[in-house]
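Single-structure report; data block below.
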Amino acid sequence: DVKVTQSSRYLVKRTGEKVFLECVQDMDHENMFWYRQDPGLGLRLIYFSYDVKMKEKGDIPEGYSVSREKKERFSLILESASTNQTSMYLCASARAGRSSPLHFGNGTRLTVT
Amino acid sequence: EDKVVQSPLSLVVHEGDTVTLNCSYEVTNFRSLLWYKQEKKAPTFLFMLTSSGIEKKSGRLSSILDKKELFSILNITATQTGDSAVYLCAGYRDTDKLIFGTGTRLQVFP
């Protein structure tokens, strides 16, 4: 079974702090994704990556950056956290090129105060 | 703009009822449609539909895609309390980008 592990289940940060959300997958998947999930808005794609050191903006990249230095690890960075970034963050991975199902981590609920 | 719309937003039923969840989509370079079930944590994969008119089944769950009318339905027969969850529908744009709907919240009471 594919395992996607997010480093924290809950995080509380202050406005202006730099925040790192880590995600690791163990199935050698090429593609990795970061979504945020908000009530009434569903899952919205922040960034995705097709390969090491490659990244593409999703639909809502503002205020976020990502890093993919190793194939199995994809990090989401909030350079200066703001209260409107309070949300559930979901990481996912998938095989490349065949409309493969995404496999999700359990999510990180981030609260910015 | 790509969009996936699910209806109803929420549904409350009793155990044993049959439910139908709807998903319509407008997705550029559409490849396939996926259904997920989300309880407290990670969405878990249910079905992927690529061809029109071919029903996919897994136990009491089934789903079908209509590529002409741009919609899909997810049926759950003989519902159980364990079916209570948010059901997410998503369309693949090209082969690597999933566009999600906002979900249907299903509550099944004994």
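In the protein assembly as shown, what is the volume of the convex hull around the alpha carbon atoms, normalised per residue and reported in Å³?
Taking only Cα atoms, the protein assembly as shown has a hull volume of 120 Å³ per residue.
Compute for the stretch B:1-43: radius of gyration divided by Kirkwood radius, i.e. Rg/Rh, restricted to C-alpha atoms, rounded to two decimals. Display every interim value, and only then the final one.
Details: Rg = 13.4 Å, Rh = 12.9 Å.
Here Rg/Rh amounts to 1.04.
Go ahead and run the numbers for FRET between A:E79 and B:L9, Cβ-Cβ distance against an R0 of 35 Å, rounding to 0.05. Please list the in-between numbers first.
Details: r = 34 Å, r/R0 = 0.98.
Efficiency at R0 = 35 Å is approximately 0.55.
Please say if the stretch A:13-52 is rounded, prolate or oblate, where rounded means a/c under 1.5 for a ≥ b ≥ c the square roots of the C-alpha gyration tensor eigenvalues, and otherwise the choice is prolate for a/b larger than b/c and oblate otherwise?
Oblate shape, in that a/c is at least 1.5 and b/c is the bigger or equal ratio.
What residue among A:S93, A:S80, A:S49 has the largest mean-square fluctuation in a Gaussian network model of chain A, using Cα springs under 10 Å?
Highest fluctuation of the listed residues: A:S80.
Only residues of the stretch B:96-110 count here: report those whose backbone N is under 19 Å from the spot 7 Å along Cα→Cβ of B:E39, or say none.
Those under the cut-off are B:104-110.
For a 20 Å ceiling on Cα separation, which of these pairs sit above it: B:K37/B:K57; A:K53/B:K3; B:K3/B:K67; A:K55/B:K97; A:K3/B:K40; A:K71/B:K40? Each step should come with its number before you reach the end.
Numbers: B:K37/B:K57 15 Å; A:K53/B:K3 29 Å; B:K3/B:K67 15 Å; A:K55/B:K97 13 Å; A:K3/B:K40 17 Å; A:K71/B:K40 28 Å.
Cα-Cα > 20 Å for A:K53/B:K3; A:K71/B:K40; rest within.
Using a Gaussian network model of chain A whose springs link C-alpha atoms within less than 10 Å, name the residue from A:V52, A:V12, A:V66 with the highest mean-square fluctuation.
Top of the fluctuation ranking is A:V12.
Could you work out how far apart the two model spin labels at A:E69 and B:E55 are, taking each label as a point 7 Å from the Cα in the direction of the beta carbon, and quote it in nm?
About 5.3 nm, to one decimal.
Over the alpha-carbon set of the stretch A:4-112, divide Rg by the Kirkwood Rh and report the Rg/Rh ratio to two decimals.
The Rg/Rh ratio comes out at 0.94.
Springs between alpha-carbon pairs under 10 angstrom, Gaussian network model over chain A: which of A:P61, A:P101, A:P39 fluctuates most?
A:P39
Given a 1.4 Å probe and heavy atoms of the protein chains only, how would you sort B:T28, B:T104, largest accessible area at the top?
Numbers: B:T28 75, B:T104 0 Å².
Correct descending sequence by accessible area is B:T28, B:T104.
Quick one: divide the alpha-carbon radius of gyration of chain B by 2.2 N^0.38 Å and tell me what you get.
1.02
The values are calculated or read from the model by the stated rules, or taken from the named source; none is laboratory data. None of the values given here were measured: they were computed from a predicted structure. Cβ coordinates were reconstructed from backbone atoms using ideal geometry, including for glycine residues, and neighbour counts include every protein chain displayed. Just the protein is used for accessible areas: all its heavy atoms, side chains included, with ligands, DNA and RNA removed. Shrake-Rupley method; radii C 1.70, N 1.55, O 1.52, S 1.80 Å.
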